[in-house]
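Following: one structure in structure tokens, then a few remarks.
Any read-out appearing in this document is the output of simple, stated calculations on the displayed coordinates, not a laboratory observation. What you see is a predicted model, and the numbers here were worked out from it, not measured in a lab. Don't worry about glycine lacking a Cβ; one is built from the backbone with ideal geometry, like all the others, and counts go over all protein chains shown.
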Amino acid sequence: MEKSKTYMNSYLAGILIGVFMIGAYYFSGEGLGASGALKAVVVATVDGVNHDYAKDAHFFSARVQNEEQSPAKSWLVFEVLGVIAGAILSAALAGRLKMEIIKGPNITNNKRLIFALIGGLLFGIGSQLGRGCTSGMVMSGMGVLSLSGFIGLIAIFGGGYIIAYFFRKLWI
Amino acid sequence: MKKFDVIYVGLLLVGAFWAFVINSANDEPIDRVQPCDLLDIVSQTDKYMTTDELARRLMSDDPTLALIDLRSKTEYDKYSLTGATNIPLENVLDDEYVDIINQDIQTVVFYGNSSDLAAKAWMLTKRLGYQNSYILKGGLNRWVETILRPREPQETASRVEFERYSFRKAASSYFGGGSALGESTTTKRLSAPIKRKKKSAAGGGCD
Amino acid sequence: MGPLFPLGLIGDELNMLIGFIIGIGFGFLLEAAGFTNTRKLAGVFYGYDFVVLKVFFSAAITAAIGLFLMNHYGLIDIKATFYPKTFWIPTLVGGFIMAFGFIIGGFCPGTSICAAVTGKIDAMVFVLGAIIGIFGYAFTYESIWEDLRNSGAMGRVNIAEWIGVSDGTFILLLTIVAAIAFFAVSVIQKKVTEKNDYQL
């Protein structure tokens with residue numbers, strides 16, 4: 001537990017994230033998000049490889065109509081570039097910048113990586129279907145008291161508690 | 001829980017309580033402009049549109065112009081400006097006109113016989129936080145004086161004044177000035193209510 | 001009068017720059033709070049570390065209070081912001097899929113990006129997985145997901161209005177519930193970590 005002492009107080013971190021979220025809404029009218037930027041990367045890639053396909057496919061069409069502007073040049077992409085810079089800065093200051101695999105005590109590295117891949121896959125699909133991920137939909141949605149934020153909260157965390165028991169070997 | 005935890009959570013509770021108190025104490029609509037802001041708005045100088053500017057925009061058939069005639073129906077029927085919509089001052093707040101007056105696509109220009117009526121309507125819209133509304137400076141009286149019956153400047157006047165005069169003369173003939181004002185020579189184009197649109201909608205967040 | 005960008009008060013470039021700066025703050029805080037450590041994240045489901053719950057709720061509540069007050073005092077028009085529309089069916093289904101993703105993968109997209117760039121190899125794999133997932137979703141969108149995604153549309157729904165209380169009352173109730181939960185989890189965490197020795 002010594003290591004966690006170097007982490008910031010959870011409530012203070014939360015309050016400050018809330019302040020930045022207010023800033024995001026005040027200046028740009030946006031919530032804080034992450035999966036949207038990953039999607040922008042996917043859209044930009046597909047658009048770059050085959051624009052004609054992207055124009056017709058329903059998933060892409062609305063996002064590639066503007067011919068002059070790359071779908072990657074969006075607010076969220078810049079926000080996530082900032083997230084990357086901020087995370088590196090914080091980790092560097094706290095001396096946590098090192099290559100490692102963090103996992104539960106009872107599984108192997110390979111297993112951890114395979115499960116991480118599967119988890120990422122599911123999150124990729126779920127965030128698209130659910131119109132946003134934990135930060136973009138649930139946290140930012142709760143900030144403006146949107147019903148969808150609270151439904152997402154119940155689904156993600158409620159669902160998590162229901163299934164946690166079956167995957168306990170991964171973590172404890 | 002540690003000491004700092006209690007402080008931070010306490011802060012959140014205080015904030016929430018504040019929100020609760022002001023929400024229950026005060027049911028006024030939240031999008032109204034506060035009096036101190038109103039003072040700033042009232043003292044701003046760009047609330048007027050000059051008759052020259054209006055003439056220029058009318059002549060270029062500017063589609064972003066929404067002219068509002070605040071006088072009574074009888075006065076409006078006698079004479080009005082091209083394309084003006086008649087909304088007597090007492091009806092300005094009616095629901096049916098809100099889409100015309102509160103929108104940010106077109107420039108709303110209020111006019112009456114003088115600046116008087118328009119200033120009242122303009123105040124109301126600012127109090128409600130509407131954007132993009134202007135007062136026709138001097139109203140119809142000034143319109144007649146400057147655009148329909150412009151006076152030739154003195155020989156000694158500056159070049160600028162002469163240029164303005166020639167513009168006004170052109171405008172005068174365009175608007176059929178000089179003729180009797182009793183009859184409306186202008187065609188009326190009552191614009192249909194325009195739905196509000198934001199200039200650029202916020203993006204999709206995480207979506 | 002906010003939000004500044006949607007109302008046309010600031011330009012595109014400045015808006016992107018602000019996004020970048022806000023992102024720096026967000027990323028810094030996520031890392032500083034310990035969100036790059038997947039075991040700390042998963043802890044919320046097993047009772048040994050509740051950092052997720054604490055950060056998450058205090059952030060959401062801070063934003064809710066702040067935005068409510070700013071809206072009340074006329075500093076921002078919440079309805080002009082990104083206000084998520086509610087589609088309850090896909091949100092519920094997608095949320096459950098994300099719950100599996102969370103438990104199995106140990107991250108959510110935001111935290112995985114922070115963790116990946118600070119050297120966590122499992123997070124890099126998670127991000128790769130998420131991108132593959134979005135690709136897969138995109139190419140099967142019309143055949144599998146489109147109808148589901150657009151079902152259950154309710155428009156822009158404010159939860160306080162939906163329940164039938166004022167915004168202020170809802171925020172106060174939410175904060176009280178959160179404060180009780182904060183206290184409860186600190187007790188639970190103490191018990192669980194005393195019983196088992198968790199190396200984080």
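Data table
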| item | result |
| --- | --- |
| Gyration tensor over alpha-carbon atoms, chain A, equivalent ellipsoid semi-axes in Å | 30, 22, 19 |
| Quotient of C-alpha Rg and 2.2 N^0.38 Å, computed over region B:65-128 | 1.01 |
| Residues C:Phe56, A:Phe166, A:Phe59, B:Phe110 arranged by fewest to most Cβ contacts within 10 Å | A:Phe166, A:Phe59, C:Phe56, B:Phe110 |
| Mean separation of Cα contacts under 8 Å, 6 or more apart, over the residue count of region A:21-172: relative contact order % | 27 |
| Label point distance in nm, B:Glu75-B:Gln154, each placed 7 Å from Cα along Cα→Cβ | 3.4 |
| Separation of the B:Val21 and A:Asn110 label points, Cα + 7 Å toward Cβ, nm | 6.3 |
| Debye equation applied to the C-alpha atoms of region B:37-174, log10 I(q)/I(0) at 0.16, 0.18, 0.21 Å⁻¹ | -0.83, -1.01, -1.28 |
| C:Thr193-B:Asp94 pseudo-label distance in nm [points 7 Å out on the Cα-to-Cβ vector] | 6.9 |
| Shape metrics for the protein assembly as shown, restricted to C-alpha atoms - Rg then Dmax, Å | 29.2, 102 |
| Contact order normalised by residue count of region A:102-172, Cα under 8 Å, 6+ apart, percent | 43 |
| Averaged over C:159-165, number of beta-carbon atoms from partner chains that fall within 10 Å | 3 |
| Percentage relative contact order, chain C, counting C-alpha pairs under 8 Å, at least six apart | 29 |
| For region C:1-105, the spread of Cα positions along each principal axis, largest first, Å | 46, 34, 26 |
| Cα centre as origin, Lys/Arg/Asp/Glu Cβ charges: the protein assembly as shown dipole, Debye | 1680 |
| Long-range tail of P(r) for region C:1-62 (Cα pairs > 17 Å, %) | 56 |
| Prolate/oblate/rounded label for region A:1-98 (Cα gyration tensor, a/c 1.5) | prolate |
| Gained length - B:Asp61 relative to B:Leu128, 0.36 nm times residue gap less alpha-carbon distance | 21.2 nm |
| Within chain C, helix-based [θ] at 222 nm, where runs of 4 or more DSSP H residues each add -39,500 (n - 2.57), nearest 500 | -22500 deg cm²/dmol |
| Sites B:Glu145 and A:Ala94 - FRET efficiency at Förster radius 51 Å, r taken between beta-carbons, to 0.05 | 0.10 |
| Tensor-based shape of chain C (alpha-carbon gyration tensor, a/c under 1.5 rounded, otherwise prolate or oblate) | rounded |
| Percent of Cα-Cα distances greater than 22 Å, calculated over region C:85-155 | 33 |
| Dipole in debye (nearest 20) - chain A, about Cα centre, beta carbon charges: Lys, Arg +1; Asp, Glu -1 | 900 |
| The protein assembly as shown - share of DSSP beta bridges that are antiparallel (%, nearest 5) | 20 |
| Average beta carbon contacts from partner chains per residue of C:184-195, 10 Å cutoff | 1 |
| Order of A:Trp171, C:Trp162 - criterion: other Cβ atoms within 10 Å of each residue's Cβ, fewest first | C:Trp162, A:Trp171 |
| Average partner coverage of C:170-182, which counts Cβ from other chains inside 10 Å | 5 |
| Pairs from C:Lys54/C:Lys120; B:Lys2/C:Lys40; C:Lys40/C:Lys85; C:Lys40/C:Lys191 whose Cα-Cα separation, in the structure shown, is over 26 Å | C:Lys40/C:Lys85 |
